[in-house]
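Below you'll find the structure, written out as structure tokens, and then a few comments.
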Amino acid sequence: MRLSRANGLTTIELIAAIGCLLALMSVAIPLKRWDEKRRREETLRMHLGMMREAIDQYNKLVNEGRIQQTDVDQRGYPPDLEDLVDGVEVGDPQGGQTHKVRFLHAIPHDPFTGEAEWGKRSYQDDWDSRSWGGENVWDVYSLYEGKALDGTYYKDW
């Protein structure tokens, strides 16, 4: 006489399988969040670097005499980020010909706030100032108050 055995899982096997799945998910979900935060941090570094490079290029052209500034308080820096997007007239000191140069296609969005709003410092402000004097744009920083994966604050980058 043969005993027929039912196919399927017992309750204990089912509970053990669910426990294994929960353990794997408890590891995977934080890794996903960490990875997303790391990607946002990379984007923030890229956007800050891009804007700072545009400010430096503007300053270099002023120092070379290729951009004429009317306000002495600008100290060789752009009056606002919008000027880097709209473009400025750049001239050839020897030839006298001018052409418009755009340093940025658009003001990038902060990946943490989702806005195209950035903290700005002018050349006349203190290096750690959180208020913009409005004379020029010497540096930019994130307005997001959170902490990075390395323990620093995004606003200090």
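For the reader, a short list of remarks on this structure follows.
- Test result for residue 85, free of Cβ contacts under 8 Å to residues at least 40 places away in the same chain and touching a Leu at 6+ places or on another chain (Cβ under 7 Å): yes
- Filtering the stretch 128-149 to residues that are of a type in the set (A, V, I, L, M) and free of Cβ contacts under 8 Å to residues at least 40 places away in the same chain leaves only 143.
- Filtering the stretch 76-101 to residues that are over 29 Å from the mean Cα position of the chain (by Cα) and surrounded by 15 or more Cβ atoms within 10 Å (Cβ to Cβ) leaves only 91.
- Residue that is touching a Leu at 6+ places or on another chain (Cβ under 8 Å) and either small (Gly, Ala, Ser) or surrounded by 10 or more Cβ atoms within 10 Å (Cβ to Cβ) (or both), where the choices are 45, 38: 38
- Given (1) crowded, with 19+ Cβ neighbours inside 10 Å; (2) in contact (Cβ under 8 Å) with a residue 24 or more places away in the chain, number of the condition residue 119 does not satisfy: (1)
- For the stretch 57-73, a residue qualifies if it is assigned to a helix (DSSP H, G or I) and not hydroxyl-bearing (Ser, Thr, Tyr), and the qualifying residues are 57, 59, 60, 61, 62, 63, 72, 73.
- Any hit, the stretch 141-154, residues being touching a His at 6+ places or on another chain (Cβ under 7 Å) and farther than 22 Å from residue 57 by Cα: no
- The stretch 62-75 - residue that is more than 11 Å from residue 92 (Cβ to Cβ) and touching a strand residue (DSSP E or B) at 6+ places or on another chain (Cβ under 8 Å) and, of those, surrounded by the fewest Cβ atoms within 10 Å (Cβ to Cβ): 68
- Which numbered condition residue 76 fails, given (1) closer than 15 Å to residue 121 by Cα; (2) part of a helix (DSSP H, G or I); (3) touching a helix residue (DSSP H, G or I) at 6+ places or on another chain (Cβ under 7 Å): (2)
- Restricting attention to the stretch 79-119, the residues that are farther than 17 Å from residue 50 by Cβ and outside any loop (DSSP other than H, G, I, E, B) add up to 7.
- Candidates 70, 11, 43, filtered to the one that is over 26 Å from residue 140 (Cβ atoms) and out of contact with any Cys (no Cβ under 8 Å at 6 or more places or on another chain): 11
- Single residue of the stretch 120-157 satisfying the filter (assigned to a loop (DSSP other than H, G, I, E, B) and of a type in the set (Ser, Thr, Tyr)) that is farthest from residue 74 (Cα to Cα): 152
- Options 17, 54, 28: the member that is closer than 30 Å to residue 96 by Cα and either acidic (Asp, Glu) or in a helix (DSSP H, G or I) (or both): 54
Read-outs: derived from the displayed coordinates by stated rules, not from any lab. Since the model is a prediction, treat every value here as computed from it, not as a measurement. Counting neighbours? That spans all protein chains shown, and the Cβs are built from the backbone with ideal geometry, glycine included.
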